[in-house]
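Enquirer: Please read through the structure below; I'll follow up with questions.
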Amino acid sequence: MTGIDAASLTPPPPVVVAASPGYWTGVGRRLSRDPVSMLCLAVLVAIVVAAILAPWLAPADPSIGSVVRRLKPIGTPGYPLGTDELGRDMLTRLLWGGRLSLLMGIAPVAMALLVGGTLGTIAGYVGGKTNAVIMRATDVVFAFPSILLAVAIAGALGPGVANTLLALTIVLIPPIVRVSESATTQVRDLDFVEAARATGAGVLTIVRVHVLGNVMGPVLVYASSLLSVSIILAAGLSFIGLGARPPTPEWGLMLATLRNAIWSQPLLAALPGGLIFVVSLAFNLLSDGLRSAMEVE
C-alpha cells in the first residue's frame, strides 16, 4: 500500500496570475492536448459511469449466490467474469463494488480538501500564534505513518464505511494543510496583495480574490495526487476487515474474500486488485497531466 510521503509536501511556487475564466480555459486546452491524460480521463469516466449505472448494467443480484456455481472461471456462459467463492456473479459485484470503492476514495479527499485547505489558508494568511497552533497540531499527526494512523483510527472506531471515511479524512487533512499553508505564506506578501490591502480591501475579499486564485493550483494538484492514495488505503482497510463488511460489494473486501481462491482461479482472484491498480494509476497519471496543464512546476 502507499503512504503519504512527507518529503513531497513542500509545494511548488504558486501561480502568480489569478485564476480567471481565461486561465481555466487554457488549462482545459493544454490538458486536452495530453494523450496520456485524456486516456486516463476516459478510463476513469467509463469506470465511474459503469459504477453509477450498476443497477441497470449488472446482469444479476450482487448478493445472491449458489454453492453449485461457485468459482466458475472467466468466460463461463452466463458469467463472463466468472463467479466468486459463494457463486455470486463477479461482473455484477465488480460493477456494484465500484460505487463504494470510488466513494471511499474520492469522498475523503474532497472533505480533507475543504477542511485542510481552509485551515492551511487561515494559518498561512494570519500567521503568528494561529499559524503555530494549526501547524503544530498538524505536525503531531505527521509523527505517525499514514497507513498505521488510518488503521489505528479505523480500529478504534470500529469496522464500517462511515468510520473508514472519517479515518481517511483525518489522515489526509494534515498534508493538505501543510501544502495550503506554505503556498498561502508565499502569496500573502506579494505586491498585488499589498496593493489590495492599501486600497482598503477587507480580509475576506483579499483571500477570496487574490490569495485563493493563486493558491488553488498547487493545492488542487496535490489533492488530486491523493486520490490514488485514498483508494488504496480504503481498499486496504476493507481487506483487513476494518472497512466495508460482507456481503457488501467493495473491491478491497472482494480481494480479501477471494484470496483463498488464488491457487485454483488466480485470474478471478486478481480482478478486484486489477481494478484498484488501474484506477489508482489513472488518477496518478491524470494528476501529473493536471500539474503540467496548470503550469505548476
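Enquirer: Of (1) crowded, with 19+ Cβ neighbours inside 10 Å; (2) farther than 23 Å from LEU226 by Cβ; (3) not aliphatic (A, V, I, L, M), PRO77 satisfies all except one. Which?
Expert: The failed condition is (1).
Enquirer: Looking only at region 260-297, which residues are part of a helix (DSSP H, G or I) and either hydroxyl-bearing (Ser, Thr, Tyr) or on the phi > 0 side of the Ramachandran plot (or both)?
Expert: The answer is SER280, SER287, SER292.
Enquirer: Now for a separate question. Which of the residues that make up region 175-209 are open to solvent by 10 Å² or more (accessible area, probe 1.4 Å) and under 21 Å from ILE134 (Cβ atoms)?
Expert: Selection gives ARG178, GLU181, SER182, THR185, GLN186, ARG188, ASP189, VAL203, LEU204, VAL207, ARG208.
Enquirer: May I pose another question? Among the numbered criteria (1) surrounded by fewer than 19 Cβ atoms within 10 Å (Cβ to Cβ); (2) aliphatic (A, V, I, L, M); (3) more than 20 Å from ALA167 (Cα to Cα), which one does ILE240 miss?
Expert: Of the numbered conditions (1) surrounded by fewer than 19 Cβ atoms within 10 Å (Cβ to Cβ); (2) aliphatic (A, V, I, L, M); (3) more than 20 Å from ALA167 (Cα to Cα), the odd one out for ILE240 is (3).
Enquirer: With over 16 Å from ALA293 (Cβ atoms) and at pLDDT 95 or above as the only criterion, which of ILE47, ILE64 stands out?
Expert: Exactly one of ILE47, ILE64 is over 16 Å from ALA293 (Cβ atoms) and at pLDDT 95 or above, namely ILE47.
Enquirer: Okay, next question. Considering only residues of region 215-243 that are outside any helix (DSSP H, G or I) and more than 17 Å from the chain's Cα centre (by Cα), which is nearest to THR169 (Cα to Cα)? If you could, list the steps in order and put the result at the bottom.
Expert: Step one: list which residues in region 215-243 are outside any helix (DSSP H, G or I), which gives 240-243.
After this cut, where a residue has to be more than 17 Å from the chain's Cα centre (by Cα) as well, the list is 240-242.
On the way: ILE240: 19, GLY241: 18, LEU242: 15 Å.
Applying the filter and picking the extreme gives LEU242.
Enquirer: Turning to a different aspect of this structure: Go through region 144-180 and count every residue that is farther than 25 Å from GLY243 by Cβ and out of contact with any Phe, Trp or Tyr (no Cβ under 9 Å at 6 or more places or on another chain). Break it down stepwise before answering.
Expert: Filtering region 144-180 for residues farther than 25 Å from GLY243 by Cβ gives 178-180.
Next, from what is left, pick out any that are out of contact with any Phe, Trp or Tyr (no Cβ under 9 Å at 6 or more places or on another chain): none.
Adding up the residues that qualify gives 0.
Enquirer: Within the group ILE134, ILE122, ILE153, which residue is over 17 Å from the mean Cα position of the chain (by Cα), farther than 30 Å from GLN186 by Cα and touching a residue at least 12 places away in the same chain (Cβ under 8 Å)?
Expert: Going through ILE134, ILE122, ILE153 in turn, just one is over 17 Å from the mean Cα position of the chain (by Cα), farther than 30 Å from GLN186 by Cα and touching a residue at least 12 places away in the same chain (Cβ under 8 Å): ILE153.
Enquirer: Take residues that are at pLDDT 95 or above and tell me which of the helices (runs of 4 or more DSSP H) falling wholly in region 73-171 contain 2 or more.
Expert: Numbers: elements: 90-126, 128-142, 146-157.
In region 73-171, 90-126 are the helices (runs of 4 or more DSSP H) which contain 2 or more residues that are at pLDDT 95 or above.
The rows are residues; the columns are (1) of a type in the set (Lys, Arg); (2) open to solvent by less than 40 Å² (accessible area, probe 1.4 Å); (3) assigned to a helix (DSSP H, G or I).
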{"position": "LEU31", "(1), (2), (3)": "no, yes, yes"}
{"position": "VAL36", "(1), (2), (3)": "no, no, yes"}
{"position": "LEU41", "(1), (2), (3)": "no, no, yes"}
{"position": "VAL49", "(1), (2), (3)": "no, no, yes"}
{"position": "TRP56", "(1), (2), (3)": "no, no, yes"}
{"position": "PRO62", "(1), (2), (3)": "no, yes, no"}
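Enquirer: Sticking with this one: Starting from region 188-208, keep only residues that are on the phi < 0 side of the Ramachandran plot, then list their pairs with residues that are assigned to a loop (DSSP other than H, G, I, E, B) whose Cβ atoms are within a distance under 7 Å, requiring at least 6 positions of separation or different chains.
Expert: LEU190/VAL16
Enquirer: Give the residues of region 135-173 that are surrounded by fewer than 18 Cβ atoms within 10 Å (Cβ to Cβ), over 25 Å from THR248 (Cα atoms) and touching a Leu at 6+ places or on another chain (Cβ under 8 Å), sorted by residue number.
Expert: The one that is surrounded by fewer than 18 Cβ atoms within 10 Å (Cβ to Cβ), over 25 Å from THR248 (Cα atoms) and touching a Leu at 6+ places or on another chain (Cβ under 8 Å): VAL141.
Enquirer: Condition (residue is open to solvent by less than 70 Å² (accessible area, probe 1.4 Å) and among the basic types (Lys, Arg)) applied to region 89-109: is it met by at least one residue?
Expert: Yes: region 89-109 contains one or more residues that are open to solvent by less than 70 Å² (accessible area, probe 1.4 Å) and among the basic types (Lys, Arg).
The values are calculated or read from the model by the stated rules, or taken from the named source; none is laboratory data. Remember, it's a predicted structure, so these values are computed and weren't measured experimentally. Here the Cβ is made from the backbone with ideal geometry for all residues, glycine too, and neighbour counts use every protein chain on show. For accessibility, only protein heavy atoms count, side chains too; no ligands or nucleic acids. Shrake-Rupley method; radii C 1.70, N 1.55, O 1.52, S 1.80 Å.
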